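The values are calculated or read from the model by the stated rules, or taken from the named source; none is laboratory data. Predicted model, so just to flag it, every value in this text is computed and none were measured. A quick note on method: Cβ atoms are made from the backbone with ideal geometry, for glycine too, and the neighbour counts reach across all protein chains shown.
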Amino acid sequence: MTDEPLLRVSALSKFYGSRVGCENVTFDLWPGEVLAVVGESGSGKTTLLNCLSTRLLPSSGTASYRMRDGQWRELYRMSEAERRFLMRTDWGFVHQNPADGLRMTVSAGANVGERLMAVGDRHYGKIRATAVDWLSRVEIDEDRIDDEPRAFSGGMRQRLQIARNLVTGPRLVFMDEPTGGLDVSVQARLLDLLRGLVTDLGLAAIVVTHDLAVARLLSQRMMVMKDGRVVESGLTDRVLDDPRAPYTQLLVSSILQV
Amino acid sequence: MTAQPTEIATYNFAYLDEQTKRMIRRAILKGIAIPGYQVPFASREMPMPYGWGTGGVQVTASIIGPDDVLKVIDQGADDTTNAVSIRAFFKKVAKVVVTTDTATATIIQTRHRIPEHPLTAGQVLVFQVPIPEPLRFLEPRETETRKMHALEEYGLMHVKLYEDIARHGRIATTYAYPVKVEGRYVMDPSPTPKFDNPKMHRSPALQLFGAGREKRIYAVPPFTDVVSLDFEDHPFEVQTFDQPCALCGAENVYLDEVILDDHGGHMFVCSDTDHCEKRRADGHHGHLAPETHLASEKTEPAE
């Protein structure tokens, strides 16, 4: 890890009219670090994620990102063109529902290749070779490259979505409940895969989840949210083993034991 | 008992009222100023159904003057229903001279072809466009496609070509083949065969595109770069035919397949009827050419 963070978030708030989406969120994210944002539904996790990924504009507060050239840029002051460029090169966004993040009517190969073509790659053979490589990295058979994601299972779709996001070598990936809706064995394999990729590529990630086990497996640090506010944050193991805020204690004690 | 009306007094010159023509001319000028950009315009109801060339007719009506010579083609042919009726329409409402001769026409309204005879400076080619948005079948949201044009995000267009190669081993798009105009806007050249795409590149003629139902006008000014999209290892290619035209023997022209009988008999003939007839009048003939001579050029005076 370097001595400078990748993302600096300061007093970020989002209000929907008089309702609070998220309020006064402040944190830094370092390169290669995975931060989990946990909390019950309606606690503002997804609002926070959408604000950070500039899919939503916050009501107040700032977020700065350190670009590849080392320059700090304030996200909400960038032009839309720059934000969209960042979104498809240096960032990734993994949706809970893969259909939101994939093009369901074009082949798996084209789904992976789209970002490459968007940044100007114009060599079919090279694009295809990269797609084959990435499909194998997310454990999708090479002979499925020309199939549409419609023909894929939920777990495969999610893995394809991950490949599609990582193909341009992003430095920061946003994940919204990446394992939601998958059965536990598929979840376990996906988590294993994600953990491997994040470590290999040195990715920084912000993972929104309501599943504390996912947070425990993937993240080094976590923030617990309730009613739009961060009630506790710290190292994942510390928060889960020694929860201090009453709400975190409730959350941790609510995990079903098998 | 019929009293022939001397003229249709209730219609303005070229059917559209002057305010409408002015509005359309403004859209055309903007289109010319920003080559390949789709300019929205207030498309009018025309006395013909959508899909029959309402966009092209409005563009033609806005630029035509009494001294113009109009040619209308439909898939290259001057003698199909659509071409004949649009020609008759302008003969009636604008009293212009109409022709089938490509070289003498000043305005050529076309559906899905560019004439084989090279166009010259001063000529205007008016395309009828059904769907002006090249990204439409990849991205259904108009708000999003407009943003993609504005930000020059054209990666998606190559996704379509990628899909073609993945499925068919080559770029299988044969018509409405996407082009980039003057290095900026990706444009749908209307459903012309990709055979005609190279003719658009640095053409001396002004090319105007009208989409009546979709309410868009766009333009390619003379001598503008029009480059067909492709991959480095799968370059753009036009269709080739392994036999010449059965009637005039022309090679390197776009051919139509014509079914001759119920027993599988067929022939390939020039899609550009004017070009084919001229060649036959000049003494060229293919292997299925009838012996009788066809009357060539048909220029009719205004009514």
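A few points about this structure:
- Residue in the stretch A:10-54 that is modelled with the highest pLDDT, counting only those that are surrounded by 14 or more Cβ atoms within 10 Å (Cβ to Cβ) and among the basic types (Lys, Arg): A:14
- Scoring residue B:135 on the criteria (1) within 14 Å of another protein chain (Cβ to nearest Cβ); (2) in a helix (DSSP H, G or I) leaves a single failure, condition (2).
- Of all the numbered requirements in (1) at pLDDT 95 or above; (2) surrounded by 19 or more Cβ atoms within 10 Å (Cβ to Cβ), residue A:126 misses one, and that requirement is (2).
- Scoring residue A:99 on the criteria (1) assigned to a helix (DSSP H, G or I); (2) free of Cβ contacts under 8 Å to residues at least 24 places away in the same chain; (3) surrounded by fewer than 19 Cβ atoms within 10 Å (Cβ to Cβ) leaves a single failure, condition (2).
- Selection over the stretch A:221-258 of residues that are at negative phi and exposed (fewer than 15 other Cβ atoms within 10 Å of the Cβ) gives a count of 15.
- For the stretch B:263-285, taking the residues that are of a type outside the set (Asp, Glu) and assigned to a helix (DSSP H, G or I), the one that is nearest to residue B:242 (Cα to Cα) is identified as B:276.
- Against the conditions (1) in a loop (DSSP other than H, G, I, E, B); (2) in contact with a helix residue (DSSP H, G or I) (Cβ under 9 Å, 6 or more places away or on another chain), residue B:23 satisfies every one except (1).
- Out of A:84, A:77, A:115, A:88, sole residue that is at the interface with chain B (Cβ under 10 Å from one of its Cβ atoms) and free of Cβ contacts under 8 Å to residues at least 40 places away in the same chain: A:84
- Listed by position, the strands (runs of 3 or more DSSP E) enclosed by the stretch A:1-86 that each have at least 1 residues that are of a type in the set (S, T, N, Q) and under 17 Å from residue A:170 (Cα atoms) are A:60-66.
- One residue stands out in the stretch A:143-162 among those that are more than 13 Å from chain B (Cβ to nearest Cβ) and either over 23 Å from the mean Cα position of the chain (by Cα) or not in a helix (DSSP H, G or I) (or both): the one that is surrounded by the most Cβ atoms within 10 Å (Cβ to Cβ), namely A:152.
- Each residue in the stretch B:47-87 was checked for being touching a residue at least 24 places away in the same chain (Cβ under 8 Å) and either assigned to a helix (DSSP H, G or I) or closer than 20 Å to residue B:193 by Cα (or both), and 26 pass.
- All told, residue A:8 falls short of being within 14 Å of another protein chain (Cβ to nearest Cβ) and either under 17 Å from the mean Cα position of the chain (by Cα) or within 30 Å of residue B:161 (Cα to Cα) (or both).
- Entry remark, the stretch A:102-112: residues being farther than 18 Å from residue A:171 by Cα, surrounded by 17 or more Cβ atoms within 10 Å (Cβ to Cβ) and within 11 Å of chain B (Cβ to nearest Cβ) number 7 in total.
- Residue A:81 vs. criteria buried (at least 17 other Cβ atoms within 10 Å of the Cβ) and of a type in the set (Gly, Ala, Ser): no
- Residue within the stretch A:129-136 that is buried (at least 21 other Cβ atoms within 10 Å of the Cβ) and within 12 Å of chain B (Cβ to nearest Cβ) present: yes
- Any chance residue B:31 is surrounded by 20 or more Cβ atoms within 10 Å (Cβ to Cβ) and at pLDDT below 95: no
- Count of the stretch B:143-163 residues which are in a helix (DSSP H, G or I) and either β-branched (Val, Ile, Thr) or within 10 Å of another protein chain (Cβ to nearest Cβ) (or both): 14
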